[in-house]
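**Q** Have a look at this one before I ask anything.
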Amino acid sequence: METVIESGGLRLAAHRAGPTRSGGPVLGLVLCHGFPAGPRGGATSGQTYPELADRLASETGWVVLTFNFRGTGLSEVEFSLSGWLDDLRAAAQHVLDVEGVGGVWLAGSSTGGSLAICVAGDDERVRGVAALAAPAEFDAWASDPARFLEHARQLGVVRDPSFPPDFDTWARELTETRAIALVGKIPPRALLLVHGSDDDVVPAEDARVLADAAGGSVDLRILSGAGHRLRHDPRAVAVLIGWMERQTL
């Protein structure tokens, strides 16, 4: 079903799959897309995620919510990393508020996976994280924030010519938002890291670095020959479903 999430007064387009009532508590998952790419950029971000959410919910019996971060799809206003973190926190709360849901887990691709790690590191209510092709940090963006902002404008995730109102603060978030700094706070909660050996966007070394930084029990899977878009790789989806099926309240 199509729904809306409220995040700091903004409306985010979302899709929720799975049961809303059950005989007992069910598990809930927030599924996050990554930073947009391609000719239509932000307008088409997350288009395939409702289908994946439906499949995950059907095969596991979970409630699965996917949504568009601010600046993408039909969601309002402009991209910032702090804004995307706020959106993910709002999505997690939305799932926890669904009748019958007894706990929330996070899963995300690329930027979405990295932010899922960050949110879980700061919120112990999150029961576990599955990160696919997640960057350990955003230093490549932070190395030239003005150029990255122009790239964001070209993709349509920043549409207001006067945004950001404070460029230095917006740029500083690119440096301060670091999954590698927070991943160690997740164990002993469940942590799955999946990466393609041939990822030409985020090197597979990022997954190994994150696993080392976690310092605890981590399920690390490097998929031979896989690229960046793991949501389209049947092996990655099977690994994610298997991980979900092993979770308990």
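The values are calculated or read from the model by the stated rules, or taken from the named source; none is laboratory data. Predicted model, so just to flag it, every value in this text is computed and none were measured. No Cβ is skipped: glycine too gets one built from the backbone with ideal geometry, and neighbour counts run over all protein chains shown.
**Q** Assuming G216 fulfils every condition listed in (1) under 16 Å from A130 (Cβ atoms); (2) surrounded by 15 or more Cβ atoms within 10 Å (Cβ to Cβ) apart from one, which condition is it?
**A** (2)
**Q** Filter region 37-52 down to the residues that are modelled with pLDDT of 95 or more and closer than 19 Å to L115 by Cβ and list them by number.
**A** The answer is Y49, L52.
**Q** Could you please find all residues in region 187-199 being closer than 18 Å to R235 by Cα and either among the acidic types (D, E) or crowded, with 17+ Cβ neighbours inside 10 Å (or both)?
**A** Of everything in region 187-199, those that are closer than 18 Å to R235 by Cα and either among the acidic types (D, E) or crowded, with 17+ Cβ neighbours inside 10 Å (or both) turn out to be L191, L192, L193, V194, H195, G196, D198, D199.
**Q** Of everything in region 38-64, what is in contact with a Gly (Cβ under 7 Å, 6 or more places away or on another chain), crowded, with 23+ Cβ neighbours inside 10 Å and either closer than 12 Å to A14 by Cα or not aromatic (F, W, Y) (or both)? Give them in sequence order.
**A** G42, S45, G46, V63, V64
**Q** Which condition breaks for G156 when tested against (1) modelled with pLDDT of 95 or more; (2) farther than 30 Å from I241 by Cα?
**A** Going through the list (1) modelled with pLDDT of 95 or more; (2) farther than 30 Å from I241 by Cα, G156 breaks only (1).
**Q** Filter region 180-221 down to the residues that are part of a loop (DSSP other than H, G, I, E, B), farther than 15 Å from R127 by Cα and in contact (Cβ under 8 Å) with a residue 40 or more places away in the chain and list them by number.
**A** Within region 180-221, D199, V201, V202 qualify.
**Q** So which pairs qualify, if the first residue must be in region 74-101 and closer than 24 Å to E176 by Cα and modelled with pLDDT of 95 or more, the second must be in a helix (DSSP H, G or I) and of a type in the set (V, I, T), the Cβ gap must be under 7 Å, and the two must be at least 6 apart or on different chains?
**A** Once the first residue is closer than 24 Å to E176 by Cα and modelled with pLDDT of 95 or more and sits in region 74-101, its partners that are in a helix (DSSP H, G or I) and of a type in the set (V, I, T) give L85/V119; L88/V119; R89/V119; A92/V119.
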